[in-house]
Every structure is written in structure tokens, then in C-alpha cells.
Amino acid sequence: MKIFKLSRNDTILMLGFAIAILLMPIWLQPIGAAYPDLLQKFAIFGLFAIGFNILFGLTGYLSFGHAVFLGIGSYTTVWTFKLLSMNVVPAVIFGTLLAGLFAVVIGYVSLRRTGIYFSILTLAFAQMSYNLAYSVLTPITNGETGLRVLRDDPRVLDGLFGVVQEGSPVGNFFGINMQGYPGFYFCAVVLIIGFFISLRIFRSPFGLKLTAIKSNQNRMRYTGFNTRPYLLWAFVISGMYAGMAGSLMAVTDPLAGAERMQWTASGEVVLMTILGGVGTLIGPMLGALLIKYFENIFSAFNESALHDMFSFLPSLLENLMVTVVHPFVGDGWHLTLGTLFMVIVIFLPGGLVEGVTRLFKRRKSDGVSAKNPGPES
Amino acid sequence: MSIKVSQPNGWTRRSVLKTGLGTAAMAGAPMFFVRNAHAFTNDPSNGSSVILGFNVPQTGAYADEGADELRAYQLAVKHLNGEGDGGMMNTMKPSSLKGNGILGKKVEYVTGDTQTKSDAARASAKRMIEKDGAIMITGGSSSGVAVAVQSLCQEAGVVFMAGLTHSNDTTGKDKRKYGFRHFFNAYMSGAALGPVLEKEFGNDRQAYHLTADYTWGWTQEESIKNTTEGLGWKTNAAVRTPLGAGDFSQYITPVLNSGADVLILNHYGKDMINSLTQSVQFGLRDKQVNDKDFKIVVPLFSRLMAQGAGENIKGIFGTTNWNWSLTDEGSQAFVKSFGAEYGFPPSQAAHTCYVQTLLYANAIEVAGTFNPCGVIEALEGFKFDGMGNGATEYRAEDHQCFKDVLVVRGNENPSSQFDLLEVVQQVPRSQVEYDAAIFGGELGACA
């Protein structure tokens, strides 16, 4: 089919991405990140960031409230688990659709403004939803305690098909439990599909229009082009990505809490995208990997782990190193992340992707005589 | 005339749909996942060490408690490995601990930050189980987190020794076979506090609740309400406040005009420090309402919070699981060894976490196996003494410890910066006991 046709470079990119994602359990082993829970997080937040990048990277609209869709996806999924079935397919579909629906509403209102006003509007919506989920909507969201799947929930469809739940209920894909590695592969496949769709959008006329809006929206309007429907579409699509990511979070761990909607969660995806490279295809995924790695691995280094790490040094030097490094790991992992973020924003405004392309360019220019530097991509 | 559209290979749309649905229904049919009866998660039998996971809040409203919990865990690990002076290992009765690790294996530990959020806590616990190979998870300084992590541990087949969690739900409607709690709960606080409140404040009072809006706050509000209404008090209003709110002035202003003469703060950690300090700043304690002195009650009290609230806690009533000023042998041994290590006395959070670690290790020694099912059996109904609370029992029906509860009051004339709580009454176990069935819930099975 025509829609699956890609240029040669894109085919390579697509294949490389798919292979890299599916082989994560192997190549992440040496750095201690290859355990199912973290791998699932990589895939889920990768999807979230890739979706966010469709809005932020292409149109330049910085939404500061995308976590709200993450939360809606999670809550919808858990409710589907509770009411319909522990099968993940309807759960993910409903989660994505409902997030899309909310994106239409929030996008319709927020997109009337641009720049900082748009960001503030989305932030306001997100905080509003967070506070609603936290207090007023407690009957639906179970507040701070979080919404959980219980054994005695109705689960109409499961009852219809005679699916028996043994022990505590977990999401399943037609009988395969969505925890551990199967859960990761499920998320990975969704991520790869998500990446493919994002690639298609980047290469499509629709994507081109979005980039045009980013470069100069006024000029677009002067030519008689109505930009708003395109912006709304971009907003809804990226909202649906976020909803799907939220669904996957609930699929791998059937629990939804209001803190997923907090502004810190919205800020995190912005960081991921900027760290990796705004507007690049692969950048958001890299950013997601980096931040989740820091959050889960760096935060776990305690003093004894550091002592082990530097045990090859003489004891005086060992203690010195531990004292120096200690504030940057463990509960100080935010400090390391912050420093890294500053360094990248100052020296590599295009994120990690820019770093990699610069490296390649330097290598090329070492071999061939330097030509005019190409336009920044 | 109808045209039948058929794919070249003979698949019609209808047949594709039929086959698809059929396959889906077949695949969705019951699949029973049978776990090998002998194998269990992270079996350390072949290694030289056994890994415990300490999952405590290092950031957020309960960070102070978390830091103290972690100190206690590190101390417990030392003692289990035969280092230090042994602390409560010397006073625990009956004890099978030998001071050579657990079943001869060296005890090691990994730590994680729960951030006082269910999501982060579960991620951190999962990391410990999946990556670090932890055989037991313990900690948590919020009941919401404890309940979330406890159900995760049940799924993973790993024992969870709850740290500081005071909600009735933890061993009530959300109890789990793999979860155990040494700490007391809101019901016990209410039962212990009731008679003292009656004696001090009388039977004709109007209470106003400010409640942390999550499982612990809800159950504590309910338990205290039941107790005070039993005394003949009226409940004027019960207002929920978000966890970690920081500024409580908007919630305190309405109290002034509500006609209530007692404010009950169902807050803990930094929240309690903030809400109490602000209540005092608003002049609540100097007020006269209904011809009575306005009073503030903090049902769950701890020395760490008292330290944070400073002058404001003087004369305020509450309950606590344990206080370092107790003079029994076990408490003294623990305070001495904690003080020698860190230079200040331990909090109740530290105490419960330390005890939990020792109890878990002891249960393994008793069972003679690391298999959680054996350990759970050894813990259920375990009776012990010499751990600071007198004779204590782990009730088999809901995995809740039953022991004496302390009613305390903020010390009017502290003799040191740590001497902040004065024990008013040591309420005997029989007075705070309840039927395991009243909160519902089921333990489930050991897989």
C-alpha cells in the first residue's frame, strides 16, 4: 500500500529504530537498565515524547499541560479494566479516544492564543484537571490513593466470555499477562507504530503545513490559509499519543494516580523533547531514555553503592570521591539532570541529535575538504 | 442482483471477521498461570547474600520521616550482620537471630525514593524486585504508598513489611497476604485517645476536622469521629486538604467562625507542622468559644513533627506508636545504639522500621527458609516481647500488630531539644483491640 512506502533513508531509519527498541533488553544490559519495569517506562515515555514533539516540534506550540492526557488515558484504562475486561485492547482504544476528545476541547480553547499565552492556558487546564482528579472527582479517581483494579469489579465482557481471573487482576493481551517482558514488548510494538505514524506525519504535506505555521503563521494567514484546523489536528494527535502512553502505563501496572497529571509530569515531557532535540524524529525518544534512566538508576545510588564503585581506589581517595559524587546521585539526581540540561541547552540548542550530527559532520569534514555547511536540520 | 466481492485468495470480509473473532475468543479463553510450587521470586539460596529493599520517601512532605527510617534500616542491617552492639537483638524474646546475617547469608540492601507518590514508589519497588533482586520490600511513610506497594508485592510474590502507615485500610480493606504492619492504626489512636479527651475536655464539645485527603486521613477522620461522637461531641465540619499543601491559611480561617471549640488536625509530617503552626499563628489557642478554651488535637503525633513545630506543640494531645523516653529494656537498648550511631534519639518511624526488619529476619530463621510462604506462616500469630512496646502479637487474621498505645502531650517544660513528648498514658492493648472483620477486605493466598 502507498501509505507504507518510505524513502530509502526513512526505511533504514524505521528499521533501525524498530531493531534498537526491540533489542533494548540486550544493549541496555551493561548499564543496568535492562529490567522490565524500566524498559516499559522507556517505551511509554518515548511514545509520550514522540507525540508531544508532533505539536511542539512541528508547530512550535509549547503545551505545558500534556500530562492531563496522560492522566485521562490512565484513568480511562483502569475504568475499562474495572467495567469491561482485563483485555488491554479495548482499554488502550478507549484511553486514546477519550484523551483525544479532551484534546479537542482543551485545544479548541487554548489554540485561540499563541506563544506564552497558549502555554499558560494549557498549564491552567492541566492544573485544573489535576486538582479535580485530586479532590472533587474523588469518587471517579479515588484521589491521592489512586484508582486500582479490584477483584470484585464487574468486568462485564470478561464475564460474558467466561474469562476467569486468578489472583490479583492484571492486564492481558488475549491471555498473555502484560507484566514483565511481554508488557514491554507490547509497549515496544505500540511505540514503533507510533514512531511510524510520526514519521509519516513529518514527511506528509500536513507536516509541511505545520512547519510552515511554525516558521511564520502570519504569512500563512495572509495567503488565505486557515491555520487553526491544522493546529487543532496536531494538538489532538499529540493528545492521543499522550493518552495512549497513559493507557500503557495503566496496562503494565493497573493503577492510576492524580500525580500523573501534575505540572511536573507535563514539564518532564518538555524536558525530554528539548534534551533530545525539538522537531527531530528520534530526539524525543533519546530524551525520554536519558531522563527515565536518570530517574530510576541514578536516584538509586546510595552511599554504599558509591563505596563499591570506587573501591578500587585507596581508601582516602575513595572517601573523597564518594563525598564529591554523593550530592549528585541518590536523592540529588535532579541536580545532575539540571546541570546536564543547562549544558545541553547552552551548547547544543538542538539537543542530543544536534550533538550527534555535529560529530558526524566533523568526521566528514576531516576526510573530505569542508564544503559549505548544509542548512541546519 | 447482488455482487459478491471476493479477495483473490478467497477471503471475504465476512469470513475475515468471523475468523478474527473466533481466534480472539479462543485466545481470550481462561489461561491458568501456574507458578512452580518450589520456586519463588528472587530466591537467594544460591548467592552469598540476601538483599532487602528499603523504599522510603526522600523528598516530599514526609522526607524527614523517610530519612530517619533509612537510618534505622541501616542500623538494623548492621546488627543483623553482627556489627555494632546488637541493639534490640539482645532484648527480643523469643529470638532466633544469630548475628551472622540471615540464615548465614550477609544482609545487603538497596534504597529507593518513593517521593510520597504511589507511582514513583511502585516504580522504585519494581526496580528493587526486578533488577536488584530484593527478597523483601519495606518502608513507606504514607498509607497511600504503603497500600499501593503492598498490592504490588502481593503480585510479585515478595514480602512487604510496612513502615510508617497508620491508615486502617493497610491491614483493613486493602490487607494482603504478603503485607505486614507493626505500626498501630487510626482505629487504635481513636480508641486510646477517647478516654483521655473525655477526661480533659469533657463531653460537650464541637469538633472541626482538617483532614489530609487520602486513605490515611479518611480513616483517621472516621475513627476519631466515631470516638468523639461516642463521647457526646458534635462534629461541626470535616474539611479535606490536599497532601503537601504547604499553606493551610485558607482552611483555618473558616474554623474561627464555625462555632467549633476543638480543632482536630488529621495531618502528618510537614503538613502537620504547617497546619499547626498556622493555627497557632491565627490565634486559635488563645480563643474562647462556647465559654470554653479552644483546643487543638493531633491524633497522630511524632517527635520529629514536634521538633518541627517547636513551641506550638506544647500541651497538645495525640497518640504515638513509641517514644524514645520509654524506660523498658528494649527501648533503651535501641535508643542507646541509635544514639551512638547518629548522635540523636530515634523517632517512632525509625523504631517501627527497625523492628520490622528484625522481625522479618527472625521469621526467616524460624521458618528455616527464604520462601515467602514459610516466612508468612512464621510471622502470622507470632508473639514477642522486648521490642519497646511490651507484649506484642502479629494477628494472623489481618497481619496487624497488637500492642499498647501511647497517649502523649507536647511537653510544657522540655529538658532537652528531644524531650518534646510527655507520655500521659500507656493504653493497654485490650482497650484498643478490635475484631479483624470490621474493616472487610481479604488477605488472598500465598502463591
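Can you give me the orientation-averaged projected area of the convex hull built on the Cα atoms of the protein assembly as shown, in nm²?
Details: hull surface 172.7 nm².
Across all orientations, the protein assembly as shown yields a mean hull projection of 43.2 nm².
Where does region A:301-377 land on the Kirkwood hydrodynamic radius, alpha-carbon pairs, in angstrom? If you can, show how the numbers build up before the last one.
Working: mean 1/r = 0.0639 Å⁻¹.
The Cα-based Kirkwood calculation yields 15.6 Å.
Region B:39-136: which GluC sites (Glu not before Pro) are DSSP loop and have at most 14 other beta-carbon atoms within 10 angstrom?
On the way: sites: B:Glu65, B:Glu69, B:Glu83, B:Glu108, B:Glu130; in loops: B:Glu83.
Answer by residue number: B:Glu83.
Give me a single rounded figure for A:295-303: the average over its residues of other chain Cβ atoms within 10 Å of their Cβ. Mind showing how you got there, number by number?
On the way: counts 5, 7, 2, 0, 10, 9, 2, 8, 2.
For peptide A:295-303, the averaged partner shielding equals 5.
For region A:2-280, take every pair of Cα atoms, bin their distances at 5 Å starting from 0, and report each bin as a whole percent.
Histogramming region A:2-280 at 5 Å steps yields 1, 6, 12, 16, 18, 16, 13, 9, 5, 2, 1, 0, 0 percent.
Name the residues whose placed amide hydrogens come within less than 5 Å of the amide hydrogen of B:Gly179, ignoring near sequence neighbours (fewer than 5 apart) on the same chain.
B:Phe160
Among the GluC sites (Glu not before Pro) within region B:404-438, which fall in a DSSP loop and have no more than 16 other Cβ atoms within 10 Å of their own Cβ? Each step should come with its number before you reach the end.
Values: sites: B:Glu412, B:Glu422, B:Glu433; in loops: B:Glu412, B:Glu433.
Those satisfying the criteria are B:Glu412, B:Glu433.
Give me the percent of DSSP beta bridges within chain B that run antiparallel, rounded to the nearest 5. Write down the numbers at each step before the final one.
Details: 18 of 55 bridges.
In chain B, approximately 35 percent of DSSP beta bridges are antiparallel ones.
Using alpha carbons only, how many angstrom separate the centre of region A:229-284 from the centre of region A:1-44?
When both Cα centres are located, 18 Å separates them.
Return the sequence-ordered ³J(HN,Hα) values of region A:327-343 in whole Hz as given by the Karplus equation 6.51 cos²θ - 1.76 cosθ + 1.60 applied to θ = phi - 60°, using x for Gly and Pro.
Using θ = phi - 60°, the values come out as x, 9, 10, x, 6, x, 5, 4, 5, 4, 4, x, 4, 4, 4, 4, 4 Hz.
Does region B:187-320 come out rounded, prolate or oblate by the C-alpha gyration tensor, with a ≥ b ≥ c the root eigenvalues, rounded set by a/c under 1.5 and, if not, prolate when a/b is larger than b/c and oblate if not? Before the final figure, lay out each step's value.
Values: a/c = 1.32, a/b = 1.13, b/c = 1.16.
Verdict is rounded for region B:187-320.
Angle, helix B:186-201 long axis vs. longest principal axis of chain B, Cα atoms, 0 to 90°, nearest 10?
It is inclined by approximately 20 degrees.
Can you sort B:His79, A:His307 from fewest to most other Cβ atoms within 10 Å of each residue's own Cβ?
A:His307, B:His79
Quick one: B:Asp43, B:Asp174, fewest Cβ neighbours within 10 Å first, how do they rank?
Fewest-to-most ranking of B:Asp43, B:Asp174: B:Asp43, B:Asp174.
Using modelled amide H (1.01 Å from N, peptide plane; none on Pro or chain starts), what sits under 5 Å from the amide H of B:Thr241, excluding residues fewer than 5 places away?
B:Thr211, B:Ala212, B:Asp213
For the protein assembly as shown, what proportion of DSSP beta bridges, expressed in % and rounded to the nearest 5, is antiparallel?
Details: 22 of 60 bridges.
Counting only bridges with both partners in the protein assembly as shown, antiparallel ones make up about 35 percent.
State the percent of C-alpha pairs, over all pairs in region B:278-436, separated by a distance greater than 22 angstrom.
On the way: 6440 of 12561 pairs.
Within region B:278-436, distances greater than 22 Å cover 51 percent of Cα pairs.
Note down the relative contact order for region B:120-170 as a percent, whole number, built from C-alpha pairs under 8 angstrom at least six residues apart. All intermediate terms of the calculation are to be shown ahead of the outcome.
Numbers: 56 pairs, mean separation 20.5, N = 51.
Contact order relative to length: 40 percent.
Could you order peptides B:315-322, A:214-221, B:140-147 by the average number of other Cβ atoms within 10 Å of their residues, highest first? Walk me through the numbers before you get to the answer.
Numbers: B:315-322: 23.6, A:214-221: 12.6, B:140-147: 32.0.
Top to bottom by mean Cβ count within 10 Å: B:140-147, B:315-322, A:214-221.
Just counting partner chain Cβ atoms within 10 Å, what average do the residues of peptide A:173-179 show around their Cβ?
Numbers: counts 2, 8, 8, 3, 3, 0, 4.
The mean count of partner-chain Cβ atoms within 10 Å per residue comes to 4.
So which trypsin sites (Lys or Arg not before Pro) in region A:1-65 are both in a DSSP loop and have at most 12 other Cβ atoms within 10 Å of their Cβ?
Numbers: sites: A:Lys2, A:Lys5, A:Arg8, A:Lys41; in loops: A:Lys5.
Qualifying residues, ordered by number: A:Lys5.
Compute the angle between helix B:13-28 and the longest alpha-carbon principal axis of chain B, please, reported from 0 to 90 degrees and rounded to the nearest 10.
Helix B:13-28 sits at roughly 50 degrees to that axis.
Quick check on region B:187-320: of the DSSP beta bridges with both residues there, what percent are antiparallel, nearest 5%?
Working: 2 of 19 bridges.
The answer is about 10 percent antiparallel.
How about B:Lys225: which lysines have a C-alpha closer than 18 Å to its C-alpha, ignoring those fewer than 8 places off in the same chain?
By straight Cα distance, B:Lys225 reaches B:Lys199, B:Lys234, B:Lys295.
Pairs of alpha-carbon atoms within less than 8 angstrom and 6+ residues apart define the contacts here; what relative contact order does region A:2-280 have, in percent? Before the final figure, lay out the partial values.
Values: 439 pairs, mean separation 111.2, N = 279.
It comes to 40 percent, rounded to a whole number.
Residues with amide H under 5 Å of A:Asn172's amide H, sequence separation 5 or more or different chain, H placed in the peptide plane at 1.01 Å from N; which?
A:Asn87, A:Val88, A:Met178
With a 4.7 Å Cβ cut-off, tell me which Cys residues in chain B come up empty for a partner.
Taking the Cβ cut-off of 4.7 Å, the unpaired cysteines of chain B are B:Cys153, B:Cys353, B:Cys401.
Can you compute 3J(HN,Hα) from phi for each residue in region B:134-149, using the Karplus curve 6.51 cos²θ - 1.76 cosθ + 1.60 with θ = phi - 60°, rounded to whole Hz and x for Gly and Pro?
In residue order, the calculated couplings are 5, 9, 8, 10, 9, x, x, 10, 9, 5, x, 5, 4, 5, 5, 6 Hz.
Between region B:351-412 and region A:149-225, how many Å separate their Cα centres?
Rounded to whole Å, the Cα centres lie 46 Å apart.
Compute from the Cα atoms of region B:361-411 the Rg and the Dmax, the latter being the longest Cα-Cα distance, and quote both in angstrom.
According to the Cα coordinates of region B:361-411, Rg and Dmax are 13.8, 46 Å.
What aspartates and glutamates does B:Lys126 reach when the alpha-carbon gap must be under 19 Å and sequence neighbours fewer than 8 apart in one chain are set aside?
A:Asp37, A:Asp253, A:Glu259, A:Glu295, A:Asp331, B:Asp43, B:Glu108, B:Asp113, B:Glu155
How crowded by other chains is B:209-220, given as the mean number of beta carbons from other chains within 10 Å of each beta carbon? It would help to have the intermediate numbers written out before the result.
Numbers: counts 0, 0, 0, 1, 6, 7, 5, 2, 3, 4, 0, 0.
Taking all residues of B:209-220 together, the mean is 2.
What relative contact order, as a whole-number percentage, does chain B give when Cα pairs under 8 Å and 6 or more residues apart are counted? Write down the numbers at each step before the final one.
Details: 920 pairs, mean separation 81.3, N = 447.
Worked out over chain B, it gives 18 percent.
Rg and Dmax of region B:86-222, Cα atoms, in Å?
In Å, with Rg to one decimal and Dmax whole: 18.3, 60.
Find how much the distance from A:Met309 to A:His326 grows on full extension, using 0.36 nm per residue of separation minus their present alpha carbon separation; answer in nm with one decimal.
Details: separation 17, 0.36 × 17 = 6.12 nm, distance 1.18 nm.
Additional length available on full extension: 4.9 nm.
Please work out how much length the chain gains when fully extended from A:Leu160 to A:Asp10, using 0.36 nm per residue of separation minus the C-alpha to C-alpha distance, in nm with one decimal. Provide the component values of the computation, followed by the final result.
Numbers: separation 150, 0.36 × 150 = 54.00 nm, distance 4.46 nm.
So the extension gain works out to 49.5 nm.
How far, in nm, would the chain grow between B:Gln281 and B:Ser416 when pulled straight, counting 0.36 nm per residue and subtracting the alpha carbon separation? Let's see the in-between values first.
Working: separation 135, 0.36 × 135 = 48.60 nm, distance 2.43 nm.
Going from the current span to full extension adds 46.2 nm.
How would you order B:265-275, A:311-321 from highest to lowest mean count of nearby Cβ atoms within 10 Å? Don't skip to the end; give the middle numbers.
On the way: B:265-275: 25.5, A:311-321: 11.5.
Put in order of decreasing packing, that is B:265-275, A:311-321.
When you count, for each residue, the other Cβ atoms within 10 Å and take the mean per peptide, how do A:85-92, A:31-38 rank with the highest first?
On the way: A:85-92: 22.9, A:31-38: 19.1.
Ranked by mean Cβ neighbours within 10 Å, highest first: A:85-92, A:31-38.
Is there a pair in A:Lys82/B:Lys131; B:Lys292/B:Lys403; B:Lys177/B:Lys403; A:Lys41/A:Lys364; A:Lys5/A:Lys41 whose C-alpha atoms are over 27 Å apart, and which pairs would that be?
A:Lys82/B:Lys131; B:Lys292/B:Lys403; A:Lys41/A:Lys364; A:Lys5/A:Lys41
Read-outs throughout are calculated quantities, based only on the coordinates presented, and are distinct from any laboratory measurement. As the structure is a prediction and not an experimental result, all values here were calculated from the model. Ideal geometry is used to build each Cβ from the backbone, glycine not excepted, and the neighbour counts take in all protein chains shown.
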